[in-house]
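Participant: One structure follows; several queries about it will come next.
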Amino acid sequence: MACVLVPAAEAVVVTALYAAAKKREKKIEFKGDVKTDTLKEKSSRVSFSRKLSWLAGLLWGGVLLLVFEHIWHGEIQPFPPFLTAMMSPDDTREMLYEMATVGVSMAVLVTAVWGAACLFVDAKLKKSEKNSACSKA
């Protein structure tokens, strides 16, 4: 019922972190004292803000699909209380349990998949850098 709230909260936090990381990277990028070697080195890597944008995209996409599914099944309604699980104390207890189990597990799984994807991309980039360095030598 309300399991969508946990990934939605994570998506809001990740989006804020993305904006802060993007701002910080632009600030560092436009400093005049950055050496050209470090710029070349960083250009072959995926920035942290870009990786955070991947996570935000995964989370927001999942949230939109879950909201649609919950509206479809009548668990979310356009008038207060917006969640049908908040109509009685027993339903609210069940809702909080679902958020703690299903919602948290969905958020953790999406974040773990994102982390694995980031590790995979970093390993592939490192391997391609190594191959290109060997071919130049």
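Participant: Hey, of (i) 15.5, 51; (ii) 20.9, 71; (iii) 17.2, 58, which did the structure itself give for Rg and Dmax of the Cα atoms in Å when calculated?
Facilitator: (ii)
Participant: If you don't mind, another one. Once you charge only the Cβ atoms, +1 for Lys and Arg and -1 for Asp and Glu, what is the size of the charge dipole of the chain about its Cα centre, to the nearest 20 debye?
Facilitator: Rounded to the nearest 20 debye, it is 1400 debye.
Participant: Right, another one. Keeping the other protein chains in place, figure out the carbon and sulfur percent of the accessible area of the chain, with a 1.4 Å probe. Present the calculation step by step, with values, prior to reporting the outcome.
Facilitator: On the way: 6760 of 9790 Å².
C and S fraction of accessible area: 69 percent.
Participant: Determine the relative contact order of the chain: mean sequence separation of Cα pairs under 8 Å and six or more apart, normalised by residue count, in whole percent.
Facilitator: Dividing the mean separation by the residue count of the chain yields 41 percent.
Participant: Continuing with this model, one more query. Multiplying the sequence separation of residue 111 and residue 22 by 0.36 nm and subtracting their Cα-Cα distance, what value in nm do you get?
Facilitator: Extra length from residue 111 to residue 22 when fully extended: 30.1 nm.
Participant: Taking the solvent-accessible surface of protein heavy atoms with a 1.4 Å probe, what is the per residue accessible area of the chain in Å²?
Facilitator: Accessible surface, normalised per residue, equals 71 Å².
Participant: Ok, one more. Would you kindly derive the ³J(HN,Hα) couplings of the stretch 98-106 from the backbone phi angles with the Karplus curve 6.51 cos²θ - 1.76 cosθ + 1.60 (θ = phi - 60°), listing them in order in whole Hz, with x for Gly and Pro?
Facilitator: Working through the residues one at a time gives 5, 4, 6, 9, 6, x, 5, 5, 5 Hz.
Participant: With the dipole of the chain worked out from charges on the C-beta (+1 for Lys and Arg, -1 for Asp and Glu) around the Cα centre, which of 30, 79, 89 lies farthest toward the positive end?
Facilitator: 30
Participant: Could you calculate the FRET efficiency of residue 9 with residue 135 from 1/(1 + (r/R0)^6), where r is the beta carbon distance between them and R0 is 41 Å, rounded to 0.05? Write down the numbers at each step before the final one.
Facilitator: Details: r = 47 Å, r/R0 = 1.15.
Calculated value: 0.30.
Participant: Take the Cβ-Cβ distance between residue 30 and residue 119 as r, set R0 to 22 Å, and report the resulting FRET efficiency rounded to the nearest 0.05.
Facilitator: So, using R0 = 22 Å, E works out to roughly 0.15.
Participant: Once you've got the Cα coordinates, tell me which of 23/127; 27/51; 22/130 are over 22 Å apart.
Facilitator: 23/127; 22/130
Participant: Run the dipole for the stretch 65-137 about the Cα centre, Lys and Arg Cβ at +1, Asp and Glu Cβ at -1, nothing else charged, and hand back the magnitude in debye, nearest 20.
Facilitator: The dipole magnitude comes to about 920 debye.
Participant: Given labels modelled 7 Å from the Cα in the Cβ direction, how far is it in nm from residue 46 to residue 82?
Facilitator: 3.2 nm
The values are calculated or read from the model by the stated rules, or taken from the named source; none is laboratory data. Values in this document were obtained by computation on a predicted structure and should not be read as measured data. Neighbour counts run over all protein chains shown; Cβ positions are idealised from the backbone, glycine included. Quick note on the areas: whole protein, heavy atoms, side chains included, nothing else; ligands and nucleic acids left out. Shrake-Rupley method; radii C 1.70, N 1.55, O 1.52, S 1.80 Å.
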